[in-house]
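See below for the structure under consideration.
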Amino acid sequence: PVVPPPAAAAPAYWQSDPTGPTGPAPGVEFAGYGARIIAYIIDTIIISIGVGILVFIAILLGGGDASGPVAIILIGFSILLTLVYFPYFWQRDGQTPGMSIFDIRVVRDRDGGKVDWLHAILRFIGYGINSIVFGLPIGWLWVFVDKRRRGWMDLIGSTVVVKS
């Protein structure tokens, strides 16, 4: 008697076959390259405006001298804003304001669940690493190489970006 080949094993994680372009799970698609890039640019503009406003207020309150105590506190807040912006939104609901425009979000790579603070911070650290390796943005460009469209920040943070 002829024995049929064994059935293909089910995926070990929440994603389907990683060689196919269908997405990480039935009905879920990876976020597009353009949406990710433009969302990041929008978020960078939002941060820049916030920091600019805080620095401007600091200079006004410091009488044109950015060395007064109030100015130092406001400049400290602008640095804090820069460091907390992305991780805060990623762990809150997976979307920064820029990402929400395109209806894309960051989720855990393992199971598609909500990103916690640890993975959000690791992903943010990955942003820095993306930009400094060999002085080139190799980590950012990795999304074009990875079948699941993950950049180094996603690999470091164990995340993936999907359409909501």
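The values are calculated or read from the model by the stated rules, or taken from the named source; none is laboratory data. All figures in this text were calculated on a predicted structure; none of them were measured in a lab. Positions of Cβ are generated from backbone atoms using ideal geometry, with glycine treated the same way; all protein chains shown enter the neighbour counts. What goes into the accessible areas is simple: the full protein's heavy atoms, side chains included, and nothing from ligands, DNA or RNA. Shrake-Rupley method; radii C 1.70, N 1.55, O 1.52, S 1.80 Å.
So here's what we get for this one:
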quantity: First in the range 62-85 and under 19 Å from ILE49 (Cα atoms), second anywhere and charged (D, E, K, R) and modelled with pLDDT of 85 or more, Cβ under 8 Å, 6 or more apart; calculated: TYR85/ASP43
quantity: Any hit, the range 107-129, residues being acidic (Asp, Glu), in contact (Cβ under 8 Å) with a residue 60 or more places away in the chain and more than 14 Å from ASP154 (Cβ to Cβ); calculated: yes
quantity: Any hit, the range 69-80, residues being β-branched (Val, Ile, Thr) and touching a Phe, Trp or Tyr at 6+ places or on another chain (Cβ under 7 Å); calculated: no
quantity: Selected residue (criterion: most open to solvent (accessible area, probe 1.4 Å)) from residues of the range 135-157 that are in contact (Cβ under 8 Å) with a residue 40 or more places away in the chain and within 19 Å of ALA120 (Cα to Cα); calculated: ARG149
